[in-house]
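Presented below is the structure to which this report refers.
The values are calculated or read from the model by the stated rules, or taken from the named source; none is laboratory data. What you see is a predicted model; the values in this text were computed from it and never measured. No Cβ is skipped: glycine too gets one built from the backbone with ideal geometry, and neighbour counts run over all protein chains shown. In case anyone asks, the SASA skips ligands and DNA or RNA and just uses the protein heavy atoms, side chains included. Shrake-Rupley method; radii C 1.70, N 1.55, O 1.52, S 1.80 Å.
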Amino acid sequence: MSDEQIGDMAEWGEKNKANGLPLVVLPSGTVTISDCAQQLFGLIAPTKKLFARGGAVMDLVGRDDGLLVLEVLRPAAARSYFEKFGRLVAWRKGEDNKDILRPVHCAHDMADALLQSKEAAAVLPRVRGLINCPVIREVDGKLVVAGRGYDEATGLLVTDGEVPPVVPLEEAVAAVWDLHEEFEFQSEGDKARAVASMISLALKAGGFIKGRVPADVAEADQSQAGKTYRQKVMAAIYNERLVLVTCKEGGVGSIDESLSQALVAGRPFIQLDNFRGRFDSAHLEAFMTADGLFPCRVPYRGEVSVQPENYFICLTSNGVNTTPDFAKRSNIIRIKKKPAGFEFRKFPEGELLEHVRRRQDYYLGCVFAVIREWHQQGRLRTNETRHDFREWVQVVDWILQKIFKTVPIMEGHQQAQERVSNPALVWLRNVVLAINEAGEVDRALTATDLHGLCEGADITIPGLRPGADEGKGKKVIGSIMAKLFRDRDSIEVEAFDVTREERYVARDNASDGGNFKSKTYTVTRR
């Protein structure tokens, strides 16, 4: 097809005459939408600038923090986008009613038809997700590192990052441990689970774990304990930042809508930060258990389906209450606030987070060193069964016990799962922490005392209506405690024990100074 076939070149414009782009005939005459889409997206596909994902054509756009995200390419933007890859023409009637090719602009409806064609999804590279650092994976039994660009083996688009150095194993283990010295973990099991979370994305991105990876649930005894900070450090190792999902309920800006937008954008770390009270999102729970593609609603586009396994969900709270199903799909990591006056380390680059960001390639190399050792040892697993995500827990449990020499990673985890999914235990934890804060440890307290403490610390009592009086409040507390202590006299709550006893208590405002029998509850430090 020659330029002589193009009618009225004055309409084309000097720029398009000289740019040397191939002719792309838009649907017209005998040229169908399928014919045009096959040619147009065939020209675009080798450039790796547009991608197919879940039935939509996706474009890469820059975020304010410098990271790239995926966005659905809309018809209005596609009209000019197509002109970068071809000189758009269409068959029109010319003189003597002869069919000739004329330069045209792509109409909005035509752009929409091309974007939704089957050829677009078939021809463009299919992207499963984004990651901002190289990926270590296995090829023919050997480990290789995939750098920047589209990795066909994993379907991931590596948007940035340098290939990390090879770090000796002993040095790598020590360096990973050192990153966790800034945090006061509730137990050795919590510390082991934190390291497990840190290496999980590399294992998952490289295809070493085929199943799902649990949500990283960071729980602290007080505000400013570092629960969000630890997750930021974890993301920084992968040259990533956390994508915040808002926690509004229902309507515009709800968890469901915010989560869908984050999933479509494609960045792997998604965080629900500082969540309080009851966390119950059927949408997120469905996402955590989805088998295959997960549909996300996109304004003005309908649905885009994503692969759930390419994301890492993070949640932080000072005492979250979740559903039992979400608790079973979580990796709960408990930390305590450092004592007053504690001084955090300073690095030449600044604080820990800035230090990790500046040396990101080194710390990624440390994670890769651990995976190399596990791979060399035969990709072994333990027989751990105390988590619903069986493949994940067995792999990371072996790595933590054999390479990092830790306790089993599920040590203490089942108790934490039970508590976060039980409103009464969540309430009891808040009460215990408030008792410790008030300096009332080792003191026998009645239900009346606990009611007053809850009012002073603004702790919601499960089952008590707002505005209820003290009498009703202590009855509800008594009922809660009766259920909790039904078959035991002591309950472990993190670093404390709560013991129930029956003893004589002085009657308030009694003229005769009489006593009465009452249940009392004493919090002691273990």
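Evaluated over the Cα positions of segment 296-455, the convex hull gives a direction-averaged projected area, one quarter of its surface, of 15.9 nm².
Taking each pair of distinct Cα atoms in segment 388-483 once, what is the resulting Kirkwood hydrodynamic radius in Å?
Radius from the Kirkwood sum: 15.9 Å.
Would you work out if segment 84-204 is rounded, prolate or oblate? Take a ≥ b ≥ c from the square roots of the eigenvalues of the alpha-carbon gyration tensor; rounded if a/c is under 1.5, else prolate when a/b is larger than b/c, oblate otherwise. Prolate shape, in that a/c is at least 1.5 and a/b is the bigger ratio.
Packing order of peptides 26-34, 136-144, highest average first: 26-34, 136-144 (average count of other Cβ atoms within 10 Å over each peptide's residues). Alpha carbon centre of segment 44-112 versus segment 207-249: separation in Å? Distance between centres, Cα-based: 37 Å.
In a reduced charge model with +1 at each Lys and Arg Cβ and -1 at each Asp and Glu Cβ, segment 15-140 shows a dipole moment near 220 debye about its Cα centre. Split the chain at each of the chymotrypsin sites (Phe, Trp or Tyr not before Pro) in a DSSP loop with at most 13 other beta carbon atoms within 10 Å, and the longest piece is 1-299.
Calculated mean residue ellipticity at 222 nm for the chain: -10500 deg cm²/dmol, from DSSP H runs with n ≥ 4 weighted as -39500 (n - 2.57), summed, divided by the residue count and rounded to 500. In segment 266-358, the inverse of the mean reciprocal separation of distinct Cα atoms equals 16.5 Å; this is its Kirkwood hydrodynamic radius. Taking every DSSP beta bridge with both residues inside the chain, roughly what % is antiparallel (nearest 5)? The antiparallel fraction comes to roughly 65 percent. Dipole orientation for the chain: of the candidates Ala340, Leu242, Val396, Val396 has the Cα lying most toward the positive pole (charges on Cβ; Lys, Arg +1; Asp, Glu -1).
With Cα atoms as the point set, segment 178-270 shows a radius of gyration and Dmax of 14.7, 43 Å. Taken per residue, the accessible surface of the chain reaches 47 Å², heavy atoms only and a 1.4 Å probe.
Roughly how many percent of the accessible protein surface of the chain is carbon and sulfur, given a 1.4 Å probe and a whole-percent answer?
It is 46 percent, rounded to a whole number.
Overall, the chain carries a charge dipole of about 580 debye about its Cα centre when +1 sits on the Cβ of Lys and Arg and -1 on the Cβ of Asp and Glu, all other atoms neutral. Compared with the alpha-carbon gap, the fully stretched path from Glu440 to Arg372 is longer by 19.4 nm at 0.36 nm per residue. Approximating the spin labels as points 7 Å out from Cα along Cα→Cβ, the Trp177-to-Arg390 distance works out to 3.3 nm. Relative contact order for segment 29-122: 35 percent, from Cα pairs under 8 Å spaced at least 6 residues apart, divided by residue count.
How large is log10 I(q)/I(0) at q = 0.11 Å⁻¹ when the Debye formula is applied to the Cα atoms of the chain, each weighted equally and without solvent? Each listed q corresponds, in turn, to -0.99. For the residue pairs Lys475/Lys519; Lys232/Lys405; Lys49/Lys142; Lys232/Lys402; Lys336/Lys474; Lys336/Lys519, the C-alpha atoms sit more than 20 angstrom apart in Lys232/Lys405; Lys49/Lys142; Lys232/Lys402; Lys336/Lys474; Lys336/Lys519. Relative contact order, whole percent, for the chain stands at 13, derived from Cα pairs under 8 Å and 6 or more residues apart.
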